[in-house]
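Structure first, commentary second.
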Amino acid sequence: MMRTETDSMGTLLVPNDRYWGAQTQRALQNFKIGDERLPRAAIWALGTIKQAVAQVNADLGLLENRIAEAISTAAQEVIDGSLDDHFPLRIWQTGSGTQTNMNVNEVIANRAIEMLGGEMGSKDPIHPNDHVNKSQSTNDVFPTAIHLAMVRQIRDHLLPRLGILQEAFAEKASAFEEIVKIGRTHLMDATPLTLGQEFSAYAQQLAAAKQRIETSLPDLSELPIGGTAVGTGLNTHPDYTERVVARLSETTGYQLQRAPNAFEALACRDAVVSASGALKTLAVALFKIANDIRWLASGPRCGLGELQLPEMEPGSSIMPGKVNPTQCEAVTMVCAQVIGNDTTLAFAGANGALQLNVFMPVIAYNALQSIQLLGDACESFRVNCVEGIVPNTEVIGRHLSESLMLVTALTPHIGYDRAAKVAQHAHEHGCTLREAAIALEALTGEAFDELVVPGDMTRPNFR
């Protein structure tokens, strides 16, 4: 059930039903740390790169067509996900990602050998280094894979879901534009606004977050491929880099470019750190929004109770009938994870030692996890919460009528100090602002009714 594979350090036994080779097997033995593996998007990116490089090397006359075609076909299986079981390595390995790059090289080589009728492990007629890794170093392949995977996941997974969530909040803002409610600052009563205005802030927060993430894409689209070991392009054809980038652009449909300076592109991961900052900002926005909605829906009888959320599942194992704001809580936990991921990414990004960043596997893992989680959370939050939010107009109206901060409308007419006395009198005596104003002879009842109109207080109304 085992076969013998070799690497530069000797021989190892590898399970016969696995396509990986000696270097992968050695890494399995040496890095028994945690359970975290590279996300599928990163494996897709590595397969995509290997395929593009094989085709370019063939075009340049550096690989036999038969070899290149076999590599390309095996790489397509990596791209499609049919070989996912053959990538067992954890992210806790060498900081360049060499073990994972060699895992991909070995899997593609052995699968291609099998397709050509050869013996797995023989490295004949396809060698994982000499053929699959030709014109490459882990040092340029792995960061290229990080950038390519992030571009794909941001464009295809996160941005569409974020955009639809933003539209859902915009629709709620429009639907609630006539519902006047009390505002709150410091969690205390403030002047009125409409529920639509409140939701318009959420829609704008998400629109701005989306724009910030989109702004990160051009830098991520600059690929380090072709720099090989330290940025010089050692062991590559002069036309290699341009052709590989063009091939990747063609096959993925993304507008990709070669990095303007290969030395910088290998030595640091600043584009990823910057993109993570935009992802963190989205997490901060989502946390604020979900937390606001949780506050506004608190109750149902002893909280604010101004919003009614969809009831999705029982909320307590001991309290019958209790329903909790579970979607809000799930979103805020995702946001906490993304903010933590960003801290790790900042520290990892700072560890570009001389010509190479040596924290790349954890950079790939955290960045791609953040994108995945945020995209999933946007979708779940929209479908299971936001679209089903209903205002409790009775509670909203009661809170509005009882608020002492409506007195702010009187300030231009009777002054700040007298208005404050009206509010204090109403609070101390448990009466309405109108009754307090009359009692203190600050205004007649008719004048109060003319000046204190909550709906008029939701827009500029100086008079």
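Of note:
- The set of residues in the range 423-443 that are in a loop (DSSP other than H, G, I, E, B) and of a type in the set (D, E, K, R) contains only E441.
- Residue in the range 236-246 that is out of contact with any Ser or Thr (no Cβ under 7 Å at 6 or more places or on another chain), touching a residue at least 12 places away in the same chain (Cβ under 8 Å), among the charged types (D, E, K, R) and part of a helix (DSSP H, G or I) present: yes
- Of all residues in the range 193-210, none are in contact with a strand residue (DSSP E or B) (Cβ under 9 Å, 6 or more places away or on another chain) and under 16 Å from A145 (Cα atoms).
- T191 being within 23 Å of the chain's Cα centre (by Cα), over 25 Å from C385 (Cβ atoms) and assigned by TED's automatic domain parsing to the domain that holds V386: no
- Residue in the range 207-215 that is on the phi < 0 side of the Ramachandran plot, in the same structural domain as A353 (by TED's automatic domain parsing), of a type in the set (S, T, Y) and touching a residue at least 24 places away in the same chain (Cβ under 8 Å) present: yes
- Scoring T4 on the criteria (1) within 23 Å of S137 (Cα to Cα); (2) surrounded by fewer than 23 Cβ atoms within 10 Å (Cβ to Cβ); (3) in contact (Cβ under 8 Å) with a residue 24 or more places away in the chain; (4) out of contact with any His (no Cβ under 8 Å at 6 or more places or on another chain) leaves a single failure, condition (1).
- Verdict on G121 being part of a loop (DSSP other than H, G, I, E, B), of a type in the set (G, A, S) and in contact with an Asp or Glu (Cβ under 9 Å, 6 or more places away or on another chain): yes
To keep it simple, each residue is scored yes or no on (1) assigned to a helix (DSSP H, G or I); (2) in the same structural domain as I389 (by TED's automatic domain parsing); (3) within 27 Å of G397 (Cα to Cα).
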position	(1), (2), (3)
L279	yes, yes, no
V284	yes, yes, no
K288	yes, yes, yes
N291	yes, yes, yes
R294	yes, yes, yes
G303	no, yes, yes
M312	no, yes, yes
G315	no, yes, no
P320	no, yes, no
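- Test: residue in the range 88-100 that is surrounded by fewer than 23 Cβ atoms within 10 Å (Cβ to Cβ), outside the structural domain of M360 (by TED's automatic domain parsing) and of a type in the set (D, E, K, R): yes
- Residue count for the range 409-463 satisfying the condition of being of a type in the set (A, V, I, L, M), touching a strand residue (DSSP E or B) at 6+ places or on another chain (Cβ under 7 Å) and either surrounded by fewer than 17 Cβ atoms within 10 Å (Cβ to Cβ) or farther than 26 Å from I179 by Cα (or both): 0.
- Lone unmet requirement of (1) touching a residue at least 60 places away in the same chain (Cβ under 8 Å); (2) within 30 Å of I154 (Cα to Cα) for A353: (1)
- Subset of the range 113-153 (residues that are hydroxyl-bearing (S, T, Y) and in contact (Cβ under 8 Å) with a residue 24 or more places away in the chain): S135, S137, T138, T144
- Residue within the range 262-283 that is among the hydrophobic types (A, V, I, L, M, F, W, C), surrounded by fewer than 21 Cβ atoms within 10 Å (Cβ to Cβ) and within 30 Å of R184 (Cα to Cα) present: yes
- Residue that is surrounded by the most Cβ atoms within 10 Å (Cβ to Cβ) [pool: residues in the range 382-394 that are of a type in the set (A, V, I, L, M, F, W, C) and within 16 Å of G196 (Cα to Cα)]: V386
- The range 218-232: number of residues that are surrounded by 18 or more Cβ atoms within 10 Å (Cβ to Cβ) and either without any contact (Cβ under 8 Å) to a residue 60 or more places away in the chain or part of a loop (DSSP other than H, G, I, E, B) (or both): 7
- Some residue of the range 34-45 being among the charged types (D, E, K, R) and over 30 Å from R152 (Cα atoms): no
- Subset of the range 176-190 that is closer than 17 Å to Y202 by Cβ and of a type in the set (D, E, K, R) - its residue that is surrounded by the most Cβ atoms within 10 Å (Cβ to Cβ): K181
- Total residues in the range 298-315 satisfying the condition of being hydrophobic (A, V, I, L, M, F, W, C) and surrounded by fewer than 16 Cβ atoms within 10 Å (Cβ to Cβ): the figure is 2.
- Restricting the range 7-25 to residues that are hydroxyl-bearing (S, T, Y) and surrounded by 14 or more Cβ atoms within 10 Å (Cβ to Cβ), the residue that is nearest to the chain's Cα centre (by Cα) is T24.
- Test result for M115, at pLDDT 95 or above, hydrophobic (A, V, I, L, M, F, W, C) and surrounded by fewer than 19 Cβ atoms within 10 Å (Cβ to Cβ): yes
- Among the residues of the range 366-381, the ones that are over 12 Å from the mean Cα position of the chain (by Cα) and surrounded by 20 or more Cβ atoms within 10 Å (Cβ to Cβ) come to 1 in all.
The values are calculated or read from the model by the stated rules, or taken from the named source; none is laboratory data. On a predicted model such as this, the values are computed, not experimentally measured, just so you know. We place every Cβ from the backbone using ideal geometry, glycine too, and count neighbours over all the protein chains shown.
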